[in-house]
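Here the structure comes first, spelled out in structure tokens, and everything after it is commentary.
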Amino acid sequence: MEQLRQPHILFVDDDNDLRATFAASMQARGLVVTERTNGEEAVNWLETNRPDALVTGILMPRISGFELIERLRVDPKRRDIPVFVFSHRGRPEDRERAKKLGVRDFFVYGFISPGEVAATLLRFLGEGMSTPAGGSPVVLQ
């Protein structure tokens, strides 16, 4: 019997507590989560890996979340990776920039629970991933 592949999330944020809390919630709901602390680490990881979705903070050392997204958008192999932004501020100008970059959703820390973020990702992946690599459907629980 073929084993179904679990959706894989790359979660990039320099806030260790936030990242750990939200990653644990995602993992508890069956998502595989790879964590990176800044955009540079994420770019390096993405050279040899491809997640089903990316969740990134905005203000980070080395490479910001927006610069990370911009780099993805010009990479023919990775430009279609769905991106979700995590912000501590929720500023209108950040929301607008995220929209222009094709971000799927904009989460504001303190206004959304870890469970809600995980549910949003699962809902999106369930709708957007009918047959991922290997040809097996993703089964969400």
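The numbers here are math on the coordinates, done by the rules we state, and not lab data. Just so you know, these numbers come straight off a predicted model, no measurement behind them. Here the Cβ is made from the backbone with ideal geometry for all residues, glycine too, and neighbour counts use every protein chain on show.
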If all Cα-Cα distances of the stretch 1-58 are sorted into 10 Å bins from 0 onward, what percent lands in each bin, rounded to whole numbers?
24, 52, 20, 4, 0
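What does the charge count near THR37 come to, summing +1 for each Lys or Arg and -1 for each Asp or Glu among other residues with Cβ under 14 Å from its Cβ?
-4
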Computed [θ] at 222 nm, helices only, for the chain once each DSSP H run of length n ≥ 4 contributes -39500 (n - 2.57)
-11500 deg cm²/dmol
Could you work out how far helix 16-28 tilts from the main Cα principal axis of the chain, as a 0 to 90 degree angle to the nearest 10?
20 degrees
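Return the percentage of antiparallel bridges among DSSP beta bridges fully within the stretch 8-128, rounded to the nearest 5 %.
0 percent
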How far is helix 114-128 tilted, in degrees, relative to the longest principal axis of the Cα atoms in the chain, given as a value from 0 to 90 rounded to the nearest 10?
60 degrees
How large is ³J(HN,Hα) for each residue in the stretch 29-41, as worked out from phi by the Karplus curve 6.51 cos²θ - 1.76 cosθ + 1.60 (θ = phi - 60°), to whole Hz, x for Gly and Pro?
9, x, 8, 8, 10, 9, 10, 9, 8, 7, x, 5, 4
Run through all the Cα pairs of the chain and give the fraction in each 5 Å bin from 0, expressed as whole percent.
2, 10, 21, 24, 22, 14, 5, 2, 0, 0
